[in-house]
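Enquirer: The structure follows.
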Amino acid sequence: MHLDITIDRWKPQYREAFWQLNREWIEADYPLEEVDINVLQNPEIHILSDGGSILSAVSNGQVAGVVALRPAGNNVLELTKMAVAVPWRGRGIGKQLLQAALEEARQLGAGRVILYSNTRTSARAVRLYRKMGFREIPLETGIYQRADIKMELTFDTIPVRKTAKSRLPETDLEKLTFGTIVSDHMLVADYKNGAWQRPEIVPYENLSLPPATMALHYGQIVWEGMKAFRLADSGVSVFRIDRHARRINRSLQRMAMPAMPEAYFRECIRSLVSLDAGWVPGASGAALYIRPLIFASDAMYGVKISDTYRFIVFTGPVPPFYPNPLKVKVEEKFIRAAPGGTGAAKCAGNYGGSLYPASLAKAAGFDQILWTDGSPELNIEESGTMNVMFVLDGKLVTPPLSDTILDGITRDSILALAPELGMPAEERTISAFELVEAHRKGLLQEAFGVGTAAVTAPFELIQVQEHTLPLPPVGPDTFAVRVRELLQEIRTGLRPDPFQWNTIV
């Protein structure tokens, strides 16, 4: 997602851009048809007056792209007139507009979105539509002369079997411990015959699995950690659902597991959180933790890629994860991941392998460890189960992403917010010995872990071999505190969401 793009609803000043961008888009391959001219010249009459919507992707006051939703029958909207300005093409604006349009369609109460396209001249767009969950349906004649394909995306209502008795009245959302309380329901779905099947929401309950279930033996298990927040207006939003959808698919690919359509993933998360919205705590820093989990479900103990999988999502209210600053040590013997391995995937084995070194560190008086790449330079990679950041001489520094480092959503969010707080940011290799030298010179100002559970977890000290590096006390002006508060204000609606990170349920 482009951070300098905002999605705006129709304003009269966007009229000329709506006409011009679509005209350029269409006339590059075809003459304008009468239906095009009518819609483009009179969008208020042919789109807005009937309950449709027009969205514009805007950068610094300039329109980079547009898309329209036009009523096309009972609870049906046609996605039409999507065009991107030439300088912005190939930069993800089309996907950003499409995602915004689908969210808008849902808000308008549509049960189905249809579109017409041409596979010869718009093959790239058609691939995007399919990735977002659109499927081809029969094309009638006489709508658009140039169309050779019609597609639809249906917002299926996920069937729900509610619990007979909610546990919420017995739960004190003001007194929480992390990871011990679960909400009333969970979502389950299966992958079989080459496709993800219709999901279902059921009461939270134990699973029944054969001992030969392949995930228990060969580790085809991928999961995500997400959060939903109580908004200032008492509503609920899920944070960066699209980024989580993309990351879980990258993990699935690395683990030889089937990808999940992003629209399918979003609908599953939204539906479950909406049903159990009462479990979202309102205390500062608290949230509803969301755990999507996919595992191989073939009952076979021969080593192979499974043909079937189960998708489960459950949730639970949680407090802030690390309330106090941490003591960490640089790990020298064990490594979290190696090049070419699964370090960039959010798979179960990565976490199981980290527990023993972490237990040794805790026995030695530390809260967590700093993972390195295992080289003599001791280049820092992550901190425990989190990404890691440092403030060195007034600059935010974090290790660059690689196949040994998880692409953290909180990490990405903080890098996006740093400029607003006047903090320059840099992604580069950081040696543990650089930290020692920076501390000696008084340039190591902060160090902290970042992740979904903790958001930011400041360090009290870092141990590098025989060197103990105490850090300045954490206070209101500490960057880790300021960026956490800024992020919290965006996630709870106390300030504008310029990046469109929040998905309202």
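Enquirer: To check you understand DSSP bridge types, tell me what percent of the beta bridges within the range 76-187 (both residues inside) are antiparallel, rounded to 5.
Expert: So the antiparallel bridges amount to about 75 percent of the total.
Enquirer: Give me the extension gain from Ser166 to Gln500: residue separation times 0.36 nm, minus the current Cα-Cα distance, reported in nm with one decimal. Don't jump to the answer; show the numbers that get you there.
Expert: Details: separation 334, 0.36 × 334 = 120.24 nm, distance 3.27 nm.
Fully extending the segment from Ser166 to Gln500 adds 117.0 nm.
Enquirer: Given the peptides 362-368, 441-447, arrange them by the average over their residues of other C-beta atoms within 10 Å, most packed first. Mind dumping the intermediate values first?
Expert: On the way: 362-368: 14.9, 441-447: 17.4.
My ranking of the peptides, most packed first, is 441-447, 362-368.
Enquirer: Moving on to the next point. Suppose we keep just the DSSP beta bridges with both residues in the chain; what percent of those would be antiparallel, to 5?
Expert: 85
Enquirer: Compute the Rg to Rh ratio over the range 168-319 from the alpha carbon atoms, using the Kirkwood formula for Rh, and round to two decimal places.
Expert: Numbers: Rg = 16.1 Å, Rh = 16.2 Å.
A ratio of 0.99.
Enquirer: Additional query: Please compute, for the alpha-carbon atoms of the range 326-491, the extent along each of the three principal axes and give them in descending order in Å.
Expert: 37, 34, 26
Enquirer: What is the spin-label model distance, in nm, from Arg250 to Thr177 if the labels are put 7 Å beyond Cα along the C-beta direction?
Expert: Taking the two extended label points, one gets 3.5 nm.
Enquirer: What are the residues whose amide H is under 5 Å from the amide H of Gly285, where those residues sit 5 or more places off or on another chain and H is modelled from the backbone?
Expert: Result for Gly285 returns nothing.
Enquirer: Regarding the chain, what are the three Cα extents along the principal axes, ordered largest first, in Å?
Expert: Computed over the chain, the largest-to-smallest principal extents equal 78, 55, 46 Å.
Enquirer: Indicate, rounded to the nearest 5 percent, the antiparallel portion of the DSSP beta bridges found entirely in the range 6-154.
Expert: Approximately 90 percent, going by the DSSP bridge assignments.
Enquirer: Which GluC sites (Glu not before Pro) in the range 86-147 pass both tests, a DSSP loop state and at most 10 other beta-carbon atoms within 10 Å?
Expert: Loop-located and lightly packed - Glu140.
Enquirer: Quick check for you: which residues of the range 119-135 have the amide N under 19 Å from the point 7 Å beyond the Cα of Tyr30 toward its beta carbon?
Expert: 119-130, 135
Enquirer: Oh, and also: Using per-residue counts of other Cβ atoms within 10 Å, averaged over each peptide, order 209-218, 105-114, 33-42, 380-389 from highest down.
Expert: Peptide ranking by packing, descending: 380-389, 105-114, 209-218, 33-42.
Enquirer: Taking neighbour Cβ counts within 10 Å as the exposure measure, how do Tyr144, Tyr356 sort from fewest upward?
Expert: Fewest-to-most Cβ neighbours within 10 Å comes out as Tyr356, Tyr144.
Enquirer: In nanometres, what is the gap between the two model label sites at Asn193 and Lys395, each 7 Å from Cα along Cα-to-Cβ?
Expert: 5.8
Enquirer: If you don't mind, there's one more thing I want to ask. Given the DSSP H assignment, sum -39500 (n - 2.57) over each helix run of at least 4 residues in the chain and divide by its residue total; what's the result at 222 nm in deg cm²/dmol, nearest 500?
Expert: The helix contribution divided over the chain gives -7000 deg cm²/dmol.
Enquirer: Starting from the Cα of Phe433, step 7 Å along the direction of its Cβ; do the same at Ser284; then give the gap between the two resulting points in nm.
Expert: Between Phe433 and Ser284, the label points sit 4.4 nm apart.
Values in this text are rule-based calculations from the coordinates and carry no lab data. For clarity, every value in this text was computed on a predicted model and none was experimentally measured. Because the Cβ atoms are built from the backbone with ideal geometry, glycine has one as well, and the counts that use them run over all protein chains shown.
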